[in-house]
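Since every read-out is calculated from the coordinates, none of them should be taken as a lab result. Here the structure is a predicted model, which is why all the values come from computation and not from measurement. Note: ideal-geometry Cβ built from the backbone for every residue, glycine included; neighbour counts use all protein chains shown.
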Amino acid sequence: MSFTGLAQNSARTAVAAQKALFFYSFATQVDWPEKFKSGNFVIGVYGDKELYKQLVNKLSSSKRGDQPFKIVEYLTADEIKGCHILYIDETKSEIVSSKRKTLKTNSTLVITNKRGVLVDGSIINFVYPNKMTMFELSKSNATKSKLVIGKQISSLAVAVE
Amino acid sequence: MRKGLYISLILMATTTCFAQRTNWQQALMCYQEDSLDCAAMSIDLAILDSNENKAAYTWHIRGFIYKAIFKKTSAKRERSPARSKAIEAFAKSLDLDEAGEFKDNNMKAIEMLGVSFYNDGIRHLNRFNVEAANQSLEKHNITMRLVDPSYFNEEREKAIKLKSAIIYMARYNDNRDENQQYFDKSVEIFNEVLEMDSNNFIANLNSGVLYHNLAVDLLLETKPELTILEVMQLQERHVNNMQRSLKYMTKAYSINANHPGVIRALAGAYYSLHETDKYEFYNQKLLKLEGSDGNE
């Protein structure tokens with residue numbers, strides 16, 4: 001059979017890569033309080049192994065200013081500790097509300113992947129209009145977490161609360 | 001004694017007029033004695049002679065002599081100039097032969113030599129000589145059109161072009177960053193095949209694979225230091241390529257709805273385009289076919 005085969009990387013990996021490409025901008029175009037501007041810049045991933053792999057692949061050798069990126073995969077909700085960015089997969093989205101207070105205290109930029117989850121405390125939520133990966137934004141949740149969202153993020157969000 | 005030169009009139013002339021033998025008569029005698037070097041030398045003199053070179057049979061004989069030389073050349077046969085000299089001679093004979101005395105044999109000989117180019121093309125269908133394969137196909141067509149100006153053999157075109165496109169695709173896959181030109185080449189040739197035969201499964205499938213992998217690579221191999229605007233632009237390119245892939249894969253699916261590679265590609269494409277219902281349809285079909293998840 002004259003069929004050379006698809007890339008070994010599956011479409012699931014491609015979708016994870018679509019999301020991963022946003023994280024550098026989210027990390028560099030959001031301003032954190034001073035006390036979070038030293039040491040590693042920690043990105044936690046809960047519930048999406050492919051995204052974790054893509055973030056490791058794309059960011060683990062980069063820095064946000066002087067802060068080296070550190071990508072952490074959480075296998076249980078109890079493992080989740082202070083991190084600058086936390087991605088929560090749609091299958092685990094219940095922890096957005098259950099961990100809301102801790103995440104807010106730690107100025108964690110919560111990124112999710114489920115419609116309607118901004119009301120539970122998420123700050124950036126991926127949505128998929130027109131076959132593309134885009135995002136909606138809750139500026140009010142960001143403010144509550146003492147995060148300042150950059151202009152480009154605000155202007156390119158498909159919806160801003 | 002060489003057989004097969006079936007021009008009794010000329011034979012008679014060579015045996016009766018040896019006292020004043022012309023160059024072509026000398027060539028014919030050498031040819032019959034299997035002395036091809038001697039035959040070539042004499043027939044080359046014949047075509048320099050202003051009387052002899054106006055005769056269709058001079059060129060007819062020259063064609064057979066060089067055809068015999070070509071057939072006798074074993075190593076690097078296709079580089080031998082004898083074949084092109086033979087073709088040129090038979091074509092010239094056809095032009096001069098107003099009575100059509102040698103027409104059938106000239107045409108058969110040209111066709112035989114034309115087919116030899118096609119056979120060369122088939123032999124060249126490997127990773128290192130694919131360009132020569134296509135050149136041979138071109139020479140085949142040019143030669144066959146000396147006999148029939150409308151000559152076009154779809155099966156022969158497809159046989160060489162399909163395999164060529166697959167070879168270029170393999171070269172591209174060897175190093176996708178540096179071998180972009182082979183992506184373009186394979187797409188171009190698959191499209192030529194599809195212009196001949198829009199239902200060609202292999203051309204549709206492999207064109208779909210090329211664009212599918214290109215779409216995925218765009219995302220996987222891009223460095224992360226992009227602005228959000230650049231990420232959006234990159235995604236647009238991803239979507240465009242995935243949609244191109246879908247066009248070919250959908251056609252391939254209409255030809256063979258049970259090919260796991262096609263179904264996997266369709267499931268993957270719809271997954272990456274976030275078209276959940278269509279992804280589910282093809283993923284379920286794949287599960288039934290081979291019991292695996294379309295994205296694993």
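Below is a table of values for the structure above.
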quantity	calculated
0 to 90° range, to nearest 10: angle between helix B:23-32 axis and chain B longest Cα axis	70 degrees
Peptides B:233-242, B:268-277, B:281-290 ordered by average Cβ neighbours within 10 Å, highest first	B:268-277, B:233-242, B:281-290
Helix-only [θ]222 nm of chain B, DSSP H runs n ≥ 4, -39500 (n - 2.57) each, per residue, nearest 500	-24000 deg cm²/dmol
The stretch B:215-296, relative contact order [Cα under 8 Å, separation at least 6], %	22 percent
Length-normalised contact order of the stretch A:11-160 in % [C-alpha pairs under 8 Å, at least 6 apart]	21 percent
For B:212-220, mean number of other protein chain Cβ atoms within 10 Å	6
Dipole in debye (nearest 20) - the stretch A:20-161, about Cα centre, beta carbon charges: Lys, Arg +1; Asp, Glu -1	300 debye
Inter-chain shielding of A:18-29 (mean C-beta neighbours from other protein chains, 10 Å cut-off)	5
Cα-based helix-to-principal-axis angle, B:228-255 vs chain B, degrees rounded to 10	60 degrees
Relative contact order (percent, whole number), chain B, Cα cutoff 8 Å, 6+ residue spacing	8 percent
Nearest-ten-degree value, helix B:180-196 long axis tilted from longest Cα axis of chain B	70 degrees
Cross-link pairs beyond the 30 Å C-alpha cut-off, checked among A:K49/A:K139; A:K99/B:K223; A:K37/A:K99; A:K49/A:K131	A:K99/B:K223
Average partner coverage of B:200-208, which counts Cβ from other chains inside 10 Å	2
Where trypsin sites (Lys or Arg not before Pro) fall in DSSP loop in the stretch B:68-127, at most 12 other Cβ within 10 Å	B:K76, B:R127
For peptides B:245-258, B:160-173, sequence by mean Cβ density within 10 Å, most packed first	B:160-173, B:245-258
Two-site label geometry, B:D44 and B:F128: point separation in nm, points 7 Å out along Cα→Cβ	3.2 nm
Antiparallel bridge percentage (DSSP; both residues within the protein assembly as shown; nearest 5)	30 percent
Lys, Arg +1 and Asp, Glu -1 on Cβ, resulting dipole of the stretch B:56-97 about Cα centre, debye, nearest 20	360 debye
Directionally averaged shadow of the stretch B:215-296, computed from the convex hull of its alpha-carbon atoms, nm²	5.5 nm²
Tail weight of P(r) past 31 Å, computed on alpha-carbon pairs of the protein assembly as shown, percent	59 percent
Prolate/oblate/rounded label for the stretch B:55-171 (Cα gyration tensor, a/c 1.5)	oblate
Percent of alpha-carbon pairs separated by more than 18 Å within the stretch A:11-160	52 percent
